[in-house]
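Peer 1: Handing you a structure now.
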Amino acid sequence: MGTLRDLQYALQEKIEELRQRDALIDELELELDQKDELIQRLQTELDKYRSVIQPATATQARQQSGLRRDAQRSKRQAISAEPTAFDISDLSHVTLPFYAKSPE
């Protein structure tokens with residue numbers, strides 16, 4: 001076993017090592033606190049921007065959906081191929097030509 005002086009010297013080295021580690025831990029905790037504050041500040045700012053943007057986007061989405069509905073309505077409109085003054089008696093004398101389905 002070492003002498004008392006060797007043990008006291010080893011103890012002093014360990015104490016100094018612990019002080020350095022404590023200083024590093026304090027420094028890292030301070031840096032962590034600063035980053036937490038930055039995150040909180042940026043989160044608040046982001047929430048503020050989202051509150052401004054969401055109503056504008058919601059209004060814009062409603063307007064676009066309204067345009068889509070109008071576009072769908074216009075697509076659904078069709079033109080009838082039948083004459084407007086349709087009278088079945090006019091077609092009673094019309095005969096349609098016959099075409100063979102199979103070649104002969």
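The values are calculated or read from the model by the stated rules, or taken from the named source; none is laboratory data. Note that this is a predicted model, so its numbers are computed, not measured. Reconstructed Cβ throughout: ideal geometry from the backbone, glycine too, with neighbour counts over all protein chains shown.
Peer 1: Suppose we filter Thr95, Thr59 for residues that are surrounded by 10 or more Cβ atoms within 10 Å (Cβ to Cβ), out of contact with any Cys (no Cβ under 9 Å at 6 or more places or on another chain) and at pLDDT below 85; which single one remains?
Peer 2: After ruling out the rest, the residue left standing is Thr59.
Peer 1: Does Gln43 satisfy being modelled with pLDDT under 95, under 26 Å from the mean Cα position of the chain (by Cα) and surrounded by 10 or more Cβ atoms within 10 Å (Cβ to Cβ)?
Peer 2: no
Peer 1: Does at least one position in region 14-33 carry a residue that is in a helix (DSSP H, G or I), surrounded by 10 or more Cβ atoms within 10 Å (Cβ to Cβ) and either more than 55 Å from the chain's Cα centre (by Cα) or at pLDDT below 95 (or both)?
Peer 2: No, region 14-33 has no match at all.
Peer 1: Here's a follow-up. Looking at region 2-13, can you tell me whether even one residue there is part of a helix (DSSP H, G or I), basic (Lys, Arg) and surrounded by fewer than 10 Cβ atoms within 10 Å (Cβ to Cβ)?
Peer 2: Taking every residue of region 2-13 in turn, at least one turns out to be part of a helix (DSSP H, G or I), basic (Lys, Arg) and surrounded by fewer than 10 Cβ atoms within 10 Å (Cβ to Cβ).
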